[in-house]
Amino acid sequence: MPDFLSVDARDVFYVVGGAAFFGLTFLPILQQSKFVSVPALYVLVGALIALSPFALPFLDPRDGGLELTVIEHASELIVIVSLAGAGLAVDRPMGLHAWGATWRLLSIAMPLTILALIFLGLGLIGLPIATAILLAACLAPTDPVLARSVQVGSPGSGEEHEVEVALTAEAGLNDGLAFPFVYLAIGFAALGAEATIGRYAETELLHWIGFDLVYRVLAGILVGIAVGWSLSRIVYSPVGDAEQEENNSGLTVMGATFLAYGLTELLSGYGFLAVFVSARAARHYARVHHKDGYEEQPHHYADQTEGLLMALLLLWFGALLATDTLSAARWQEWVFAGLLVFAIRPAAGMIALIGHRTRPIERGVTAFFGIRGMGSIFYLAYAQNHEAFPGIDVAWRVAALAILISVVVHGATAALVMQETKERTMKPADRKRGEPLEAQSARASSSA
């Protein structure tokens, strides 16, 4: 008798992938609910699939080898696509005052978070110094992928609240400070048993400051500007897609994203930073030359591509949690993750925004919603592929716990909190596109 139900991993993959992709079509409806976290739903489904009889083969990055490489490059791809979309989305022009909250988050909140997490990793969970630095660098940045619920909408979609601009821009630029500390961790790990602060200062500190902290950041910024500006000249030229039938916006955004990332990485710069800067340079070119409008199409394509990749990675992340990640986690690791989400990032954010001309509720929301996600996974995988880290299993567990807490807590509260914040701080007259925060705050204060 024929076997009508023959199940193998390939069949399960197509069924699960198809259902996951189709489920994204319900995002507009699901996002109307104030307490539904779509990423959390995908994580739950991934965990249930991993525990079911039809589980897919699981890629465990902790084992190293090919599985780690696959996870590294999958998370790398979704991050660069997300950064391109974020760079195109922000309507407010970049400036010292207009992006004031972002500069404070980057220059004050992130270093404070990294330092706090290093000491917590050393003292609470007993990590070696190299792994403690790595974990801190991985968990300090706000994620450009899973922070979509608190970021700005599509280009020209309407009002941009200060919280949305601050978090979107922070997520786009924080690689410039996070990745240097990943390389700092790699340098400590390379010293092996001799890894001490004094030993590193004697042998590697000047190289780290000059190359990893200064050169790589400058390379990312300069290549990003050059790629964004030069490709925009082509796109908006008589032979470019913007002036033709506008049918190749997907190719445009992916081509620009890959070129910015690849060229920067060839020059040993920070590719994530270059992608975001390239997208911002493209928006600036369009604004200067009065070409606004076309960027909505490449942004839409980047947003959809990001959603497809996110669905697969969240299902994988659910499977990671369902293996031995949750069951093997010690109470100290749960405390570490909880302190990051509920205390360290909010406190660092509030300190950074002291004196900033925003209302207390805006400062509190901006400080709290430092969402963790796919970027942390990439940094961990990248570092593990470049050097051996003692206690790397602990780092993976803690990072997974922090992401899980962030997905559940931030995902379930983001819509409600953002709506309440906008209702309490923005009036119709305040909702002018691209207006610096200082002007909004001054008018809000005078009318209050």
For the stretch 173-185, what does the Karplus curve 6.51 cos²θ - 1.76 cosθ + 1.60, with θ = phi - 60°, yield as ³J(HN,Hα) per residue in whole Hz, taken in order and with x for Gly and Pro? 10, 5, 4, x, 10, 6, 5, x, 6, 5, 5, 4, 5
What is the sum of charges, Lys and Arg at +1 and Asp and Glu at -1, for the other residues whose Cβ falls under 15 Å from the Cβ of Leu320? -4
Order of Ser327, Ser52, Ser278, Ser249 - criterion: other Cβ atoms within 10 Å of each residue's Cβ, fewest first: Ser327, Ser52, Ser249, Ser278
Give me the net charge of Ile108's neighbourhood, meaning all other residues with Cβ under 14 Å from the Cβ of Ile108; Lys, Arg count +1, Asp, Glu -1. +2
For the stretch 30-447, the charge dipole (Cβ of Lys, Arg +1; Cβ of Asp, Glu -1; about the Cα centre) points to a positive end, and the Cα of Tyr382, Trp99, Ala47 closest to that extreme belongs to Trp99
Inter-label distance for Leu267 and Leu96, nm, one decimal - labels placed 7 Å from Cα along Cα-to-Cβ: 2.5 nm
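Please get the size of the charge dipole for the chain, origin at its Cα centre, with Cβ charges of +1 on Lys and Arg and -1 on Asp and Glu, quoted in debye to the nearest 20.
On the way: 27 positive and 40 negative charges, 297 e Å.
The calculation lands at about 1420 debye.
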Given the rule -39500 (n - 2.57) for each run of at least 4 DSSP H residues, summed and divided by the residues of the chain, what is its mean residue ellipticity at 222 nm, to the nearest 500 deg cm²/dmol? -21000 deg cm²/dmol
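Calculated FRET efficiency, Ala201 and Thr69, Cβ-Cβ r, R0 45 Å, to nearest 0.05? List each step's numbers first, then the result.
Working: r = 32 Å, r/R0 = 0.72.
Working from the Cβ atoms, E equals 0.90.
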Pair Leu51, His290: separation of 7 Å Cα→Cβ label points (nm): 6.1 nm
Taking the structure as given and computing semi-axes √(5λ) of the Cα gyration tensor in Å, which label from (i) 47, 28, 21; (ii) 36, 28, 18; (iii) 32, 28, 24 fits? (iii)
At Ile108 and Thr323, where each label point lies 7 Å from the Cα along Cα→Cβ, what is the point-to-point distance in nanometres? 4.1 nm
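What does the charge count near His207 come to, summing +1 for each Lys or Arg and -1 for each Asp or Glu among other residues with Cβ under 15 Å from its Cβ?
So the surrounding residues net to -1.
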In whole Hz, the Karplus estimates of ³J(HN,Hα) for the stretch 350-355 (6.51, -1.76, 1.60; θ = phi - 60°; x where Gly or Pro) are 5, 4, 4, 9, 4, x
Can you sort Tyr42, Tyr200 from fewest to most other Cβ atoms within 10 Å of each residue's own Cβ? Tyr200, Tyr42
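No value in this document is a laboratory result; all are computed from the given coordinates. Since this is a predicted model, take the numbers as computed values, not measurements. All Cβ positions, even for glycine, are placed from backbone atoms using ideal geometry, and neighbour counts span all protein chains on display.
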